[in-house]
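A short worksheet on the structure shown next.
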Protein chains: 4
Amino acid sequence: MPEPLPAAQAGSLPFAAETRLRVRYAETDQMGVVYYANYLIWMEIGRVELLRQAGFDYKSMELEDDCHIPVVEATCRYKAPARYDDEILIQTTSTVLRGYILKFAYRILRASDRTLLAEGETAHVITDRQMQRKLLPEKYVMALNRKAKSL
Amino acid sequence: MPEPLPAAQAGSLPFAAETRLRVRYAETDQMGVVYYANYLIWMEIGRVELLRQAGFDYKSMELEDDCHIPVVEATCRYKAPARYDDEILIQTTSTVLRGYILKFAYRILRASDRTLLAEGETAHVITDRQMQRKLLPEKYVMALNRKAKSL
Amino acid sequence: MPEPLPAAQAGSLPFAAETRLRVRYAETDQMGVVYYANYLIWMEIGRVELLRQAGFDYKSMELEDDCHIPVVEATCRYKAPARYDDEILIQTTSTVLRGYILKFAYRILRASDRTLLAEGETAHVITDRQMQRKLLPEKYVMALNRKAKSL
Amino acid sequence: MPEPLPAAQAGSLPFAAETRLRVRYAETDQMGVVYYANYLIWMEIGRVELLRQAGFDYKSMELEDDCHIPVVEATCRYKAPARYDDEILIQTTSTVLRGYILKFAYRILRASDRTLLAEGETAHVITDRQMQRKLLPEKYVMALNRKAKSL
């Protein structure tokens, strides 16, 4: 199980969720390292896990509450390459802004020595299936806030 | 433009559509060749192009006719590796069986010297959005047959 | 054409390794199910795990023994769709033929109710980095056989 | 944080290369739109094409000049969704900084009506195969500058 991160190691970033994965062969490219677009897939895994740990899952958000969170901006800064079969640690934190903007920040580390491989942010708006903006239902806002306070 | 293939080169396979693409960096893996799952993505490009050349497109099949063609079997035999930036030629042929089974056969070649890189087949059933089997609408059967006869 | 597996192997398949993963959002397509090429990525995860459980890993096979296992054939039969966030179980078994052919068989199940979603096979040849065929080093053959006998 | 592009560059961006592609089924996700990580793959296609149009290709940069351009930062702002089968236009421009930093800016449009779907930037350092920083060989700098001036 992921152990809590010492505050100093995360910079000043309070993190809300941590998840692990192992680099797949399919994720490497001919430079022998993980292809850069895959880090955005890992970020998605991190934010889904944060939502899950906050007590709800993205699947039912979509199906039951018609609540989607399309990305409006994504940034990733690459520090060191991830390689095939590395175990990867994804730390994710989130903030809700004005009720309809959801921001996530990510730190991607090599689990074996906790080297920081990449860090990034994504910003999302809450929409319905037709991509019309809507407020994040109160239960989700509360769950995220509870999660943030429990750190 | 793709010129017709001499009969001998295609084995006995009459082909109905040909399309080209260039290998993306993202498609390579750390062996320096195209990762094997990507050939199935290329096959999909080949069959979409065959449908397009037969006079209809898969997008409207899904949206207007609620007609989907989920795959039930896929096979690929790998002969020689495709590499980054290679221009790839995909030759696709199709058959309709019993009105609800659609089969495609593919040959994937390196365009520069026409080396056969891979060949394969996929089998599909016709379904609606809820994955219930249905007959391929007559207009599609006719279009595919017309295309086959025009060879 | 892929020849049918012996009935016993396809039915009550003795499996040598089992691994789990969770369906990623990136793996779905607009039909709302997992895109078919991704099953080949999952098969790769299954066979890597089998090798790991047999006591060695593919990474060191490549780096230390210059021993690669490019695929020469892959087949997948799709039974039922996998969906976003499903937990997936991959069961993998292997056979070494003539010292330089490695075959894997896979069963892909939904973990929650053990529904069979897909099954397939891949065949590989052992090569060096230059794609020249070579025998699988004895230690790997022995490890795989040990694993098979320990079932 | 990514600093804002100068207004002129973001608005009436002078572009140095343009390339087209068609959205693949594999690139969609269950929201029915292109999954966000794929835009980074498209950006790579844009910058490879810019290099090609400037008279050299990335493949020989890697093989002959041991000159790699790993990404150090990538940003994408998503404006409107790309959908299956859309024809996509990628406009790419580049700048060389201090001889070892290469920046690209991208605009991704729907070809049919030139709607801006996304825009972004990537920053790269020039390295050898061992990821050690090196200067971009003079011939490449000159080719990129020539291309920029020929606008």
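Every number in this text was worked out from the coordinates using simple rules, so none of it is lab data. Because the structure is a prediction, the values reported are computed rather than measured. Positions of Cβ are generated from backbone atoms using ideal geometry, with glycine treated the same way; all protein chains shown enter the neighbour counts.
General observations
- Here region D:59-151 is treated with +1 on each Lys and Arg Cβ and -1 on each Asp and Glu Cβ, and its dipole about the Cα centre works out to around 360 debye.
- For A:L97, inter-copy separations between label points set 7 Å beyond Cα along the Cβ vector come to 2.3, 5.6, 5.8 nm, shortest first.
- Estimated [θ] at 222 nm from DSSP helical runs (n ≥ 4, -39500 (n - 2.57)) normalised by residues in chain A, nearest 500: -7500 deg cm²/dmol
- Global geometry of chain B, whether rounded, prolate or oblate, following the gyration tensor of its Cα atoms and the 1.5 cut on a/c: prolate
- Phi to ³J(HN,Hα) by Karplus 6.51 cos²θ - 1.76 cosθ + 1.60 over region C:119-132, Hz, x for Gly, Pro: 9, x, 9, 10, 10, 9, 10, 8, 9, 8, 4, 8, 6, 8
- Arranged from fewest to most other beta-carbon atoms within 10 Å of their beta carbon, C:T92, C:T19 become C:T19, C:T92.
- Sorted from shortest to longest, the distances between the D:P137 label points of this copy and the other copies are 3.6, 5.6, 5.9 nm, with each point 7 Å from Cα along the line through the beta carbon.
- Site pair B:R83 and B:R98 shows an inter-label distance of 4.6 nm when each label is modelled 7 Å from Cα along Cα→Cβ.
- Relative to the longest principal axis of the Cα atoms of chain D, helix D:38-53 runs at roughly 50 degrees.
- Rounded to the nearest 20, the Cβ-based charge dipole of the protein assembly as shown about its Cα centre (Lys and Arg +1, Asp and Glu -1) stands at 60 debye.
- Taking Cα atoms only, the orientation of helix B:138-149 departs from the longest principal axis of chain B by about 40 degrees.
- Ascending count of other beta-carbon atoms within 10 Å, so fewest first, for C:R83, A:R98: A:R98, C:R83
- In this assembly of identical copies, the label point of A:T115 (Cα plus 7 Å along Cα-to-Cβ) is separated from its counterparts by 3.4, 4.3, 4.3 nm, sorted shortest first.
- Given C:K79/C:K134; A:K103/D:K79; A:K59/A:K103; A:K79/B:K79; A:K103/A:K134; B:K134/C:K79, the pairs whose alpha carbons are separated by over 27 Å: C:K79/C:K134; A:K79/B:K79
- Candidates B:I101, B:L89, B:L51 compared by Cα position along the dipole of chain B: farthest toward the positive end lies B:I101, with charges placed on Cβ.
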